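The values are calculated or read from the model by the stated rules, or taken from the named source; none is laboratory data. Just so we're clear, the structure is a prediction, and the values are computed from it rather than from any experiment. So basically every Cβ, Gly included, is an ideal-geometry build from the backbone, and we count neighbours across all protein chains shown. Calculation scope for accessible area: heavy atoms of the full protein, side chains included, ligands and nucleic acids excluded. Shrake-Rupley method; radii C 1.70, N 1.55, O 1.52, S 1.80 Å.
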Amino acid sequence: MLIMVTILLLMLCSSTGSDDQPWGYTAENKALEFGAVPASNYVTQVYYDPGLEGILFQLARTFLHVVQPNPFPQELIIEVIKQNYQHVLQQYQESENVVLMLQIIYYEIGFIICAALGIVFILLMPILGLCFCMCRCCDNCGGELHQRQKKNTDCRRSCFATSLLLVTVLITAGTLCMFAANQNFTNQIKGVKKLVNNNFQDLHTLLDQAPTQIKYIIHQYDTTKNRAFSDLNNIDRVLGGKVKVRFAKDVIPALDACFHMAKAIRVSKEALEKVIVSKRTLEEATSNLQGNLSAVRTDLGNTLNDAACKAPGTVDQCDDIRASLDTISINVNFSQLDNVDSELAKVNDVLKTDFEDLIQKGHASFNKTPEIIENETKAVSADVKKVLNDVGNMVSDFSKKPAIDDVINTSTAYLNQGQRYFLEYLPYLEKYDFYRWLGGIALCCSVVLILTFNYLGLLCGSCGFDKHASPTTRGCVSNTGGTLLLAGVGVSFIFSWLLMLVVVVTFLAGGNVERLSCQSFKDKSLFKLLDTPYLLNSQWKNFLSGYLFSDYNVNLTFDLNLTFQSVYSKCRRNEGVYSAFQLQHVFNINDVNFNAYTANVTDKFSNVEVNFSSIIILEEEAKIGLRDFTDTGIDKINFAAYFNEIKKNVTKVDLGVFANDLVAKVNSLPAGALANALRRYANNIREIYRQQVIPLEAGMSTLNHSIGLLQNIAAGLKVKVEGIITAVESAQYLIHHNGTEIVKQEIYHFMKNLIGYFTEYLEWTEDVMNNEVAICKPVANVVDTVDMILCGFIVDSLNGFWFSLGCCTIFLIPSIIIAVKLAKFYRRMDTEDVYDDIEIIRMKILENGSNGYQNEHSHDNQSPVLISALPYDTLTRFPRASAPPKHSGW
């Protein structure tokens, strides 16, 4: 166990010794940190919430979908655009043009039918109104003030009043929607200035921020260059460290093995010295012990020959003691063991070589690997730095390309001009919108006038009507109600055709814009139309590509696929102008030709030749010393003889046990001089055991430990030494013969890392140019703003207005009919029905009471009586009544 602990300590010591020789290790390169590109803050929020008016607008859109359910006529519009319009008008009789006109009519059939119905309404309402007036002047069409009495008169009056009230309420709701749509139009127009200014501000921000963002990207080349410079300045650590790591896989184990063997040589010297000392000490100790034991044995034998041992009772005990005297003798003989003085002398000769110093020199020589590589690549590093500076100048020059400034300056000029036009014409827009608002209010007021007559007529007629009064005796309030209803009918005839005219015009305009523009924008059909090849310009496959790049010698037919839809979609996704408008065809990032520079760098490094002949892992002197150590003879020591002798007991009998047995036997003897003498000999034996045997056993243990160390070191010594020397020579061969190839491999990886920095920079540049630089969200916002202003602010409000106005105008027809019918029940009649049946007269008298015929009698007016009148005798059946009787309280 002690031997194993000692070996473990030696291994720990040797490991510590090897750790004292550091060798470089280079961590993997981290990714470059380019930071965040300065972001642009855009203020435009394209969001439109019509509120409650949205329900009205949705109803109008639903109606338009019913009127025009056909999909967007892309092919038809393309055909129309491709035709020469004047040519079409001049030669409309040609078959292809006739077909084209029929297709247009078929698509617009819904609008045409509705417009035709509206025109019929416009033409018929004035005519019908004129005929109605003339008819009433001739006492027809309800013009005669005579009302027939029927049993369901009250029910009819109630039904007419309720129906008119319901129709009037519907017209009122439509009028409120008209007011809301008209006011919504104006309210939204007031917000156009701020919205459009925000769009211009965002576009200016985009153009103003783009140079700063591009400059930031250009400056980030310094990050790449600084990392490359850092690697070149620390090429001893970066490149040399990796080469050193490759060498260290063979060199470090070989030097550690040498270090362990040097420790073993030193340990073997110490062990040999201890063996020699221990052997001499043991020989002297055993010689002294042998003399003392012989004297004790002689004295004890003489005592046992005394006459007292012949006395009865003592003979047997003395004989037993006398028989055991031969065991009191030495059992070991160390003088017969081989001496190791010659082996120690040879080990001392080996130790004249300073192995540890030579191993330290090997470590120091190996640690110069990075320094050697640095010296050999110093000139190449300087050339590569110059190349990197040239690349930086080229990148800087690329950012100053005229195309970039031209695009920004041209765009800024157009933007300023557009903003100037907008601010110039906005007051006209607001001014004419005020006139439009007044016109809408006037139309609303015309409907309100009709509603006023209807509501007042219903109110006066309902409140002033007296069911007990006869038609000729109705009150003034009831009569006024009927008159107001007829006034409403007259106003309806006057304004209804004008209202319908406005409805037809706005319906055709707003409906077609909604279906052809707004709806097509929502389902992207409009983009598909605009992106039709050679449509807007016969020389450009894609109009947007030709418009933007016709001055930059770009192949517009094959190289570009720039469409309105792709630009809009990419801008909505917050991509950059570079990606959305495919500006790589104007100034391509890949035009920065790094390949030529990387090839130059590769050529310079590929010619590097590193000479490692100065690196000596282990001097020849150390190798000779290791081989001499195998010839010291320690492996030929008779370790078995040593271990056999050490395993023996020092004496033939354990002196301590022998002394105890002697005392036990003495105790059985009679007291006397014999017993006392024997007890004294027992004490002498114990003293010899304590002072000589126990120390001798400790010396044997020390000898055992030293011999054990020597045996472990000597085991397979030649094989171990040859293995160490072979490992050292292999490492040396690796450095001197394969070192250049290893360096070339690591140079390849080093160059790959350098080039990787620029590849990473290019990839980052392309990514931020596509997604972070000059984000074209404002461009999409402009399109959305135009859509919101045209479709949300204008078309929705316009469609809501004509839809509400059309509903009101249509409901004027039942309003006119019901009002004419109801007025007959409220107005005071000139005549009323008379009867020749006495029973009927009596019933009427009872029904009407004092307000009927009795009142007439009270005023001396005889009741007209119809007696057997012919059916055609209208004058007899319906005589003219005199002035109505006067009643108190009228």
Take the residues in region 302-343 that are open to solvent by less than 60 Å² (accessible area, probe 1.4 Å) and among the small types (Gly, Ala, Ser), then tell me which one is modelled with the highest pLDDT.
Ser329
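This table checks each residue for (1) within 20 Å of Glu283 (Cβ to Cβ); (2) in contact (Cβ under 8 Å) with a residue 24 or more places away in the chain.
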position: Ile646; (1), (2): yes, yes
position: Leu655; (1), (2): yes, yes
position: Leu669; (1), (2): no, yes
position: Ala673; (1), (2): no, yes
position: Glu729; (1), (2): no, no
position: Gly739; (1), (2): no, yes
For the list (1) out of contact with any strand residue (DSSP E or B) (no Cβ under 9 Å at 6 or more places or on another chain); (2) assigned to a helix (DSSP H, G or I), I need the number of the one condition that Asp338 fails.
(2)
State all residues of region 755-802 that are in a helix (DSSP H, G or I), open to solvent by less than 40 Å² (accessible area, probe 1.4 Å) and touching a Cys at 6+ places or on another chain (Cβ under 9 Å); if no residue qualifies, say none.
Pro778, Ala780, Asn781, Asp787, Cys791, Gly792, Val795, Asp796, Gly800, Phe801
Which members of region 344-360 meet the condition of being polar (S, T, N, Q) and either open to solvent by 30 Å² or more (accessible area, probe 1.4 Å) or modelled with pLDDT under 85 (or both)?
Asn348, Gln360
Can you name every residue in region 361-382 that is in contact (Cβ under 8 Å) with a residue 24 or more places away in the chain and open to solvent by 70 Å² or more (accessible area, probe 1.4 Å)?
Lys361, Lys368, Glu371, Glu376
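For (1) outside any loop (DSSP other than H, G, I, E, B); (2) without any contact (Cβ under 8 Å) to a residue 24 or more places away in the chain; (3) closer than 28 Å to Ala161 by Cα, each residue gets a yes or a no:
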{"residue": "Asn393", "(1), (2), (3)": "yes, yes, no"}
{"residue": "Ser411", "(1), (2), (3)": "yes, no, no"}
{"residue": "Leu429", "(1), (2), (3)": "yes, no, no"}
{"residue": "Phe453", "(1), (2), (3)": "yes, no, yes"}
{"residue": "Leu458", "(1), (2), (3)": "yes, no, yes"}
{"residue": "Gly482", "(1), (2), (3)": "yes, no, yes"}
{"residue": "Gly488", "(1), (2), (3)": "yes, no, yes"}
{"residue": "Val504", "(1), (2), (3)": "yes, no, no"}
Any residue in region 696-707 that is closer than 13 Å to Phe334 by Cβ sitting within a Cβ distance under 7 Å of a residue that is in a helix (DSSP H, G or I) and among the charged types (D, E, K, R)? List the pairs, counting only those 6 or more apart or interchain.
Thr702/Lys274; Leu703/Lys279
Where Ile713 falls short, out of the listed (1) modelled with pLDDT under 90; (2) under 58 Å from the mean Cα position of the chain (by Cα)
(2)
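Listed here are the residues, each with its yes/no results for (1) outside any helix (DSSP H, G or I); (2) crowded, with 16+ Cβ neighbours inside 10 Å; (3) on the phi < 0 side of the Ramachandran plot.
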site: Asn649; (1), (2), (3): yes, no, yes
site: Val666; (1), (2), (3): no, yes, yes
site: Asn676; (1), (2), (3): no, no, yes
site: Gly699; (1), (2), (3): no, yes, yes
site: His737; (1), (2), (3): no, no, yes
